[in-house]
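Visitor: Shown below is the structure under consideration.
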Amino acid sequence: MNILVSACLLGVCCRYDGKSVPNERVIALKDNFTLIPVCPEIFGGLPTPRPPAERTGNLVMTLEGNDVTDRYLRGAREVLRLAGVFECRIAVLKERSPACGCGKVYDGTFSKTLTDGDGVTAQFLKTRGIDVFGESQIDKLIKEAKRID
């Protein structure tokens, strides 16, 4: 089974701050699944590093006040396209991210306040029938993968 995975969780330095956040439990999924690394922000044409951004309603705004929603939408469409190419029905995405967050994202005030909601890509994937999990939900993902397989 192929699984989309936020590239930063696999150790790729593609986050807004130019760093990665490798997650050993996510990386270990490679022993049982084929992992397809994705970074919707880069796929949308944003540089690394880049100004921090947060969701504000349906918009994604940078700390500097620039609207980057179109870049996030472009990246989400590319990830969805790859999901189709690789027949992915599951994704593991970086929690709290304005692109990848699943269930909770920062609220747009740049105060580290979380609110209910999804990142742009997570929302795109969910509405198209792909199960999305955050990196803290690996056990739940494994159960779901067994059910689907």
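Visitor: When you look at T62, is it in contact (Cβ under 8 Å) with a residue 40 or more places away in the chain, out of contact with any Leu (no Cβ under 6 Å at 6 or more places or on another chain) and over 19 Å from V21 (Cα atoms), yes or no?
Guide: It is false that T62 is in contact (Cβ under 8 Å) with a residue 40 or more places away in the chain, out of contact with any Leu (no Cβ under 6 Å at 6 or more places or on another chain) and over 19 Å from V21 (Cα atoms).
Visitor: Still on this structure, I have one more. What do you reckon, is G103 under 20 Å from Q137 (Cα atoms) and modelled with pLDDT under 95?
Guide: Yes; evaluated as a whole, the condition is true for this residue.
Visitor: Looking at the stretch 108-146, which of its residues are in contact (Cβ under 8 Å) with a residue 40 or more places away in the chain and acidic (D, E)?
Guide: D131, E135, E144, listed by residue number.
Visitor: Is it the case, given these coordinates, that I3 is closer than 17 Å to G134 by Cβ, out of contact with any Cys (no Cβ under 7 Å at 6 or more places or on another chain), among the β-branched types (V, I, T) and touching a residue at least 40 places away in the same chain (Cβ under 8 Å)?
Guide: No; evaluated as a whole, the condition is false for this residue.
Visitor: Here is a follow-up. Given the criterion closer than 20 Å to V12 by Cα, in contact with a Pro (Cβ under 9 Å, 6 or more places away or on another chain) and at pLDDT 95 or above, identify the matching residue among A122, A76.
Guide: Working: A122 fails: in contact with a Pro (Cβ under 9 Å, 6 or more places away or on another chain).
Exactly one of A122, A76 is closer than 20 Å to V12 by Cα, in contact with a Pro (Cβ under 9 Å, 6 or more places away or on another chain) and at pLDDT 95 or above, namely A76.
Visitor: For G84, which of the numbered conditions (1) among the small types (G, A, S); (2) at negative phi; (3) surrounded by 14 or more Cβ atoms within 10 Å (Cβ to Cβ) fails to hold?
Guide: Here G84 clears every test but (3).
Visitor: If I go through the stretch 97-122 residue by residue, how many of them are crowded, with 17+ Cβ neighbours inside 10 Å, within 13 Å of the chain's Cα centre (by Cα) and not in a loop (DSSP other than H, G, I, E, B)?
Guide: Result for the stretch 97-122: 4.
Visitor: Which residue pairs have Cβ atoms closer than 8 Å, lie 6 or more positions apart in sequence or on different chains, and pair a first residue in the stretch 71-93 that is aromatic (F, W, Y) with a second residue that is part of a helix (DSSP H, G or I)?
Guide: Y72/P40; Y72/E41; Y72/V120; Y72/T121
Visitor: Now, a different point. Please find, among E78, E41, E64, the residue that is surrounded by fewer than 16 Cβ atoms within 10 Å (Cβ to Cβ) and farther than 15 Å from F133 by Cβ.
Guide: Of E78, E41, E64, the one residue that is surrounded by fewer than 16 Cβ atoms within 10 Å (Cβ to Cβ) and farther than 15 Å from F133 by Cβ is E64.
Visitor: Do you know which residues across the stretch 126-141 are of a type outside the set (S, T, Y), assigned to a helix (DSSP H, G or I) and exposed (fewer than 12 other Cβ atoms within 10 Å of the Cβ)?
Guide: D139
The values are calculated or read from the model by the stated rules, or taken from the named source; none is laboratory data. Only a predicted model underlies this, so the values are computations on that prediction, with no experimental measurement involved. In this analysis, Cβ positions are derived from the backbone assuming ideal geometry, glycine residues included, and neighbour counts consider all displayed protein chains.
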